[in-house]
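The values are calculated or read from the model by the stated rules, or taken from the named source; none is laboratory data. The shown structure was predicted, so the numbers you read here are calculated from the model rather than taken from an experiment. No Cβ is skipped: glycine too gets one built from the backbone with ideal geometry, and neighbour counts run over all protein chains shown. Just the protein is used for accessible areas: all its heavy atoms, side chains included, with ligands, DNA and RNA removed. Shrake-Rupley method; radii C 1.70, N 1.55, O 1.52, S 1.80 Å.
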Amino acid sequence: MNGWADWYESTEASLNRLEIIANQYPNRIDEFITSTTTQSDRWNNKQGNLVIPSDKLVYLQACSGNAEEALELTLAMVESLEESVRNLKLPIPNWDWQTHDSINNALTKCLVSRLKEPVPTIKIWVVEQIADLLSNEHEALEDILLTDLANRQLESECIEVLCVFL
């Protein structure tokens, strides 16, 4: 798999390696991609011998200044995903915002919804951000918080929202 696969090394190590390649050998990126996306004959199977490096290739392209190629690759990956799930009947998502909401209200509701995340550091960061917005008299934030508080069912969930006001 020539280092493109997740099991080969950690994602952090892969991205660091690709960043070094982009910085040290900017004129040889295409050569690197060609030589590392072809598997050896012993790995060859009925699906061919090419490795598709996915998001790591996008990262390499972006680091090496090939933003247009990175964008094209990203769009191709999205189109491929859309094609592979086109027959699935997906439910319409129930977003926290309405179609008539302003972008600020939608983003504020998204921020408030992050209070439900199970990761304490995220909750603390969100509480700090909401408290800062409240101190700057962000319009409609209090109403959004009250609506969210009214929809909470457990006491511990209510306390998470009330922490914003401390």
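Run the accessible area of the chain with a 1.4 Å probe and give the carbon-and-sulfur part as a rounded percent.
The nonpolar share, carbon plus sulfur, comes to 55 percent.
If R0 is 41 Å, what FRET efficiency do you get for Val78 and Ala131 from their C-beta distance, rounded to 0.05?
It comes out at approximately 0.65.
Computed from these coordinates, which is P(r) over Cα pairs in 10 Å bins from 0, in percent: (i) 8, 24, 20, 21, 20, 7, 0; (ii) 8, 25, 19, 10, 7, 8, 10, 7, 4, 1, 0; (iii) 8, 34, 36, 18, 4, 0?
Among (i) 8, 24, 20, 21, 20, 7, 0; (ii) 8, 25, 19, 10, 7, 8, 10, 7, 4, 1, 0; (iii) 8, 34, 36, 18, 4, 0, the one derived from this structure is (i).
For a test of understanding, tell me how many lysine pairs in the chain have Cα atoms under 28 Å apart, given they are 8 or more places apart or on different chains.
Final tally of qualifying lysine pairs is 4.
Which is the longest run of the chain containing none of the trypsin sites (Lys or Arg not before Pro) found in DSSP loop states (not H, G, I, E, B) with at most 16 other C-beta atoms within 10 Å?
Segment 90-151 is the longest.
For the chain, what does the accessible surface come to per residue with a 1.4 Å probe? Please give it in Å².
Per-residue accessible area for the chain comes out at 74 Å².
Mean Kyte-Doolittle hydropathy of -0.5 or higher plus an axial Cα length of 18 Å or more: which whole DSSP H helices in the chain meet both?
11-24, 67-84, 120-135
Could you list the GluC sites (Glu not before Pro) in segment 80-141 that lie in coil according to DSSP, counting only those with at most 13 other Cβ atoms within 10 Å of their Cβ?
Glu137, Glu139
Place a point 7 Å from Cα of Gln153 in the direction of its Cβ. Which residues in segment 108-141 have their backbone N less than 20 Å from it?
From segment 108-141, the list is 113-119.
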